[in-house]
1. Can you tell me which residue within region 17-39, out of those that are part of a helix (DSSP H, G or I) and in contact with a helix residue (DSSP H, G or I) (Cβ under 9 Å, 6 or more places away or on another chain), is modelled with the lowest pLDDT?
2. Of the residues that make up region 490-498, is at least one surrounded by fewer than 15 Cβ atoms within 10 Å (Cβ to Cβ), over 30 Å from GLU418 (Cβ atoms) and not assigned by TED's automatic domain parsing to the domain that holds PRO581?
3. Of everything in region 58-73 that's of a type in the set (Val, Ile, Thr) and surrounded by fewer than 22 Cβ atoms within 10 Å (Cβ to Cβ), which residue is modelled with the lowest pLDDT?
4. Please determine whether any residue of region 124-136 is assigned to a strand (DSSP E or B) and at pLDDT 90 or above.
5. For region 74-89, indicate whether the set of residues that are touching a strand residue (DSSP E or B) at 6+ places or on another chain (Cβ under 8 Å), under 24 Å from ARG548 (Cβ atoms), in the same structural domain as TYR221 (by TED's automatic domain parsing) and at pLDDT 85 or above is non-empty.
6. Of the residues ALA482, ALA407, ALA504, which is touching a Leu at 6+ places or on another chain (Cβ under 9 Å) and either over 30 Å from GLU228 (Cβ atoms) or modelled with pLDDT of 95 or more (or both)?
7. What number of residues within region 1-16 satisfy the criterion of being among the hydrophobic types (A, V, I, L, M, F, W, C) and part of a loop (DSSP other than H, G, I, E, B)?
8. Please verify whether ILE196 is modelled with pLDDT of 90 or more, more than 18 Å from LEU70 (Cα to Cα) and in contact with a Lys or Arg (Cβ under 7 Å, 6 or more places away or on another chain), treating the condition exactly as stated.
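The values are calculated or read from the model by the stated rules, or taken from the named source; none is laboratory data. Owing to the predicted nature of the structure, the values given are computational and were not obtained by experimental measurement. Cβ placement follows ideal geometry from the backbone for every residue including glycine, while neighbour counts extend to all protein chains displayed.
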Amino acid sequence: MLTKSQKDRALRYIRSLKNGEFTFRDVVRVLDIDSDDRRSLRNYLDELDSEGVIHRVKRARYTTAARENLVSGVLTCHRDGYGFLVPDERTLQKEDIFIPARNMEDALHGDRVLVKISKRKIPERRGFRGRRVGAREEKERTEGTVVRVLERKYPTIVGRYYAHPRFPFIVPLDTRVCHDIRVSYKDGKEARDGQIVAAEITIVPGRNRTPQGRIVEVLGYPDDPGIEYRIVQHKFGLPVEFSSEANREAESLPESLSAEEAAGREDFRDEVVVTIDGESARDFDDAVGLKRLPSGNYLLSVHIADVSHYVREGTALDADAYARGTSVYFPDRAIPMLPPRLSSGICSLKPEVDRLVISALIEVDPKGKVVNRRFVKGVIRSRARMTYTSVAAILTDPGSKERSRYAELVGLFELMEELCIVLSNKRYRRGAVDFDLPEPDMEFDESGRVIRIVPAERNIAHRIVEEFMLLANECVAERLTASGGPVLYRIHEKPDPLKVEQFADFALALGYKLEKRNGEYRPKDFQRFVAKLGGKVEQRFLAYLMLRSFMQARYSEANLGHFGLATAEYTHFTSPIRRYPDLLVHRLLKADMGDRTEPGWKERLAERLPEIASHTSSRERNADDAEREIEKIKKVQFMSDKVGEEFDAIVLSAMHQGFFVELLDHFVEGFVPAGALMDDVYGYHERTHSFIGERRRRRFELGSRVRVRLDSADVETARLTFSVV
């Protein structure tokens, strides 16, 4: 049987053909499959033929004559049934593709699908309540029809169960999943009316076909404590429990370092190194040290936990870590990539205990130029477990208790601040873009209830660690590139010119010009734009919109550079406890340092790297989505007892259906529907993203201060709805 990866490789090859013709043998050579899998390949090509992806000309010859009308991508649905396809490759399709509800077939929100595109004329757009908003000619719009679901986004659907006497059904909590799911009583797991359940779909939706499913777990009633975590775990397919084999392997590992394991490594145990993390951190995978050399240069040592020493390829621990791809961090808990016995035990760089590390020793001159670097397998003993708050207090408050408590380390931190400024200035000169968007920080009471939401503090200690880790990652990428590879890069491609131009036009309408040089936008152009926004009311939402015009950072076997950091080579090396790509980069670096690997290891890994890059990028995005979901739910829970209260807010973004606001006192966002604007007849103006009243000319646009009232706080859908006072 062909694997999913082999099918994807075959499809990528077919779509890459310039002349549009290929033979069965061509695909066999690309996949390098044996005779047992050839029948499966022929069946797969027959499937593609039946779906219109390819056309069979003769028995073993095919053509992709219609391939220009086929695009793959991720489907984003609206609760009214229609959706948009975000194409995988912007080089083939520049804009998102509208998918009418009638053309959805069996696809669901979040699925990766193959779509056949066509053109359709659409009438002029009308504003709220049918009012015309400017004269617009009829124009063509790209539409699509789902041909095939390539990958299901959500393994299970989470929803509320309704015990109808004849046809029990589930209403998905995510309103973008537009179908109710019918469930038979025998597949109902004895769920009770009103409970939240997780179900897998057994019969997919389609034209004149109601989806059906079976309940796999009853999660509880909507107001059960902690149910939001069970909901998100199922919705995003987050494995909480490790396999029994992985647990056995973890339990067999030592709790402390033996002399035999430390032998043959460079000994840094007499060096002054520390960890710097948040107050609630439990695993510490990086430690830093710094010296000033007689030449006046800095010698920075970045020591990263040697997780690859304990998590070997082919083990159950490695399989579980790869499947997860990353740790998932919620406001008050986490789902780790590795069992706690490793992540909080033998791999964690705790103070005053010996630990194995991979060390990057980087010599930097006073202008920030790297003049020498080397990488070694080492052993360290951290002097102290520092927090961002304590280091910031030492550097900013001469009278702080922390400064007295860590008197012997004050000089180290002052030198770190000095080098941090040097590195930051260097990155700024080359054009690196620093958005510095504030993140929410939630404070909980003893019962786990959110009592306060404020912008997270970002102090000098955060900047120190960030600059040191960025430098280490960049140096490792340069070393592996020089070695001839393979390399798993962290890339950030140039932004889509069309999206950037749309953003630039919008920013200009607000009085902010995004300059460009020689006909294209460079990182430094965005950097200068962000600098113009410093301290302005519009800073947050304009920086956010600018970020949306960028490509999403991802992992890749090909070096396409990192646009945002303005660097030619970049990778992830510094967090192997919580990110699988870092663990893989450690293996590559150790192999380049002379570690023995079996013959052909690099070649076999190079073949797998595209699949690894795609998988780990997907798992990262999935974790980000899950974290945002919990954050939204927690915010709605925090606001649920404030319905009817009024708040000062600022308009963050606007669309035809209404606009989003952020409360000034609570760092919470919500939606004001256009229908809630009752004091006038408002029209939506697309160019300025604003609502303007016809009689009073009152405007609601990005950056507008408004007084709003909370009308509803729906925990199940994680939606806050406001009206303007």
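1. Looking only at region 17-39, we keep the residues that are part of a helix (DSSP H, G or I), and these are 24-31, 35-39.
Filter again for in contact with a helix residue (DSSP H, G or I) (Cβ under 9 Å, 6 or more places away or on another chain), leaving 24, 26-28, 30-31, 37-38.
On the way: PHE24: 90, ASP26: 89, VAL27: 91, VAL28: 90, VAL30: 88, LEU31: 88, ASP37: 83, ARG38: 86.
Only one residue fits best here, namely ASP37.
2. Step one: of region 490-498, the residues surrounded by fewer than 15 Cβ atoms within 10 Å (Cβ to Cβ) are 498.
Going one step further and asking which of them are over 30 Å from GLU418 (Cβ atoms), we end up with 498.
Checking which are not assigned by TED's automatic domain parsing to the domain that holds PRO581 leaves us with 498.
Yes, region 490-498 contains a residue that is surrounded by fewer than 15 Cβ atoms within 10 Å (Cβ to Cβ), over 30 Å from GLU418 (Cβ atoms) and not assigned by TED's automatic domain parsing to the domain that holds PRO581.
3. Kept after step one, since they are of a type in the set (Val, Ile, Thr), are these residues of region 58-73: 63-64, 71.
If we keep only those that are surrounded by fewer than 22 Cβ atoms within 10 Å (Cβ to Cβ) too, we end up with 63-64.
Details: THR63: 79, THR64: 74.
The qualifying residue modelled with the lowest pLDDT is THR64.
4. At the first step, the residues of region 124-136 found to be assigned to a strand (DSSP E or B) are 126, 132.
In the following step, the residues that additionally are at pLDDT 90 or above were identified as none.
So far as region 124-136 goes, no, none of its residues is assigned to a strand (DSSP E or B) and at pLDDT 90 or above.
5. no
6. Details: ALA482 fails: touching a Leu at 6+ places or on another chain (Cβ under 9 Å); ALA407 fails: touching a Leu at 6+ places or on another chain (Cβ under 9 Å).
Within the list ALA482, ALA407, ALA504, the selection yields ALA504.
7. So the first thing to find is which residues in region 1-16 are among the hydrophobic types (A, V, I, L, M, F, W, C), and the list is 1-2, 10-11, 14.
Right, trim to part of a loop (DSSP other than H, G, I, E, B) and you get 1-2.
The number of residues fulfilling the criteria is 2.
8. On the way: modelled with pLDDT of 90 or more: yes; more than 18 Å from LEU70 (Cα to Cα): yes; in contact with a Lys or Arg (Cβ under 7 Å, 6 or more places away or on another chain): yes.
So ILE196 fits the description; yes.
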